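Take a look at the structure set out below.
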Amino acid sequence: MLKFYYNKRSPMARRVWRGLLEKQIDFEPVVMNLNGDQMQPDYLELNPFHHVPVIVDNGFRIIESLAILDYLEAKYPVPALLPKEPTALAKVKMAQLVSSNELLPKAISLIFEDKDSPKYIQAQEHINNVFKFFTATLGKSLYFGGDTLSLADIVVGTDISLLVKSGFNLGDYPKLSDWYERLMQREVWQNTELNAEEFEQFKRVFTIIQRKKIKQASKL
Ligand SMILES: N[C@@H](CCC(=O)N[C@@H](CS)C(=O)NCC(=O)O)C(=O)O
């Protein structure tokens, strides 16, 4: 059976977890505590960058959440989470990549930086641009790829939920706000969303891992 190495608090792992559940794929969960277990030699063989998520399917190991989602789509095509029509597919891929490359790094600044700091203010401006882009990409559709759920909704929804949990109000973006509510009504999302305490744990663990990375980099 497919093995899924994850931690519920990790947004990258939650992307894949939601993909597995939405596609109703059977899997064996392997919970990583990220308290050093990700640095053990056995795990480093699976992922030399000591990250979750990882999946191992019939002995084939895959890292990187977006690559895993694409693999799951190709291997388990029903229900389809990628549209075939070229413009719809392009919208899905753009939204996934904008979320990963433009939204997520700035979301981290918004969650962790002081509200008056230049980094926070710059992040807020950038995120407003991202939200305008998402609104335009959604257009009149219910989801990013059309009227059914896609991989973009899984990725963007999981990333945006970090901001919503930390108090960001989507009220200035009504289409995005309606889309987010639609997602959060799904059973899979209700079963996988972090509660307030788990979100605080995520912030604590994230801070510890970042400090370790800075310490290691300063030794180089
Ligand atoms: N680009 C990777 C990033 C994965 C990642 O950053 N995972 C974090 C949790 S969200 C992690 O495992 N951190 C543990 C560590 O760095 O030691 C992906 O999309 O899968």
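What follows is calculated from the coordinates using simple rules that are stated; it is not laboratory data. Treat the numbers as computed from the prediction; the structure is a model and nothing was measured. Don't worry about glycine lacking a Cβ; one is built from the backbone with ideal geometry, like all the others, and counts go over all protein chains shown.
Side notes on the structure shown:
- Its relative contact order, with pairs defined as Cα atoms under 8 Å and 6+ residues apart, puts the chain at 21 percent.
- Principal axes of segment 96-220: Cα extent on each, largest first, Å: 50, 31, 26
- 28 Å Cα cut-off, lysine pairs counted over segment 52-147 (separation 8 or more, or different chains): 20
- Only one residue of V155, A90, F112 has its Cα farthest out toward the positive end of the dipole of segment 86-192, where Lys and Arg carry +1 and Asp and Glu -1 on Cβ, and that residue is A90.
- Whole-number percent relative contact order across segment 86-192, with pairs defined as alpha carbons under 8 Å at least 6 apart: 30
- Size of electric dipole in the chain: Cβ of Lys, Arg +1 and of Asp, Glu -1, about Cα centre, debye, nearest 20: 480
- Ordering of 102-114, 163-175 by burial proxy (mean other Cβ atoms within 10 Å per residue, highest first): 102-114, 163-175
- Separation between Cα centres of segment 124-168 and segment 1-25, rounded to whole Å: 20
- The order of the peptides 204-215, 72-83 by mean Cβ neighbours within 10 Å, most packed first, is 72-83, 204-215.
- Translational diffusion of segment 69-108, µm² s⁻¹ [Kirkwood Rh, Cα pairs; Stokes-Einstein; 10 °C; 1.306 mPa s]: 140
- For the chain, a Kirkwood radius taken over Cα pairs fed into Stokes-Einstein (10 °C, viscosity 1.306 mPa s) yields D = 87 µm²/s.
- Under the span-like rule (Cα at least 20 Å along the axis, Kyte-Doolittle mean at least 0.5), DSSP H helices of the chain: 151-165
- Each Lys and Arg Cβ is given +1 and each Asp and Glu Cβ -1; about its Cα centre, segment 2-75 then shows a dipole of about 280 debye.
- The per residue volume of the convex hull around the alpha-carbon atoms of segment 1-91 is 98 Å³.
- Residue-count net charge about E197 - beta-carbon cut-off 15 Å; Lys, Arg +1, Asp, Glu -1: +2
- DSSP beta bridges fully contained in segment 2-75 are about 60 percent antiparallel.
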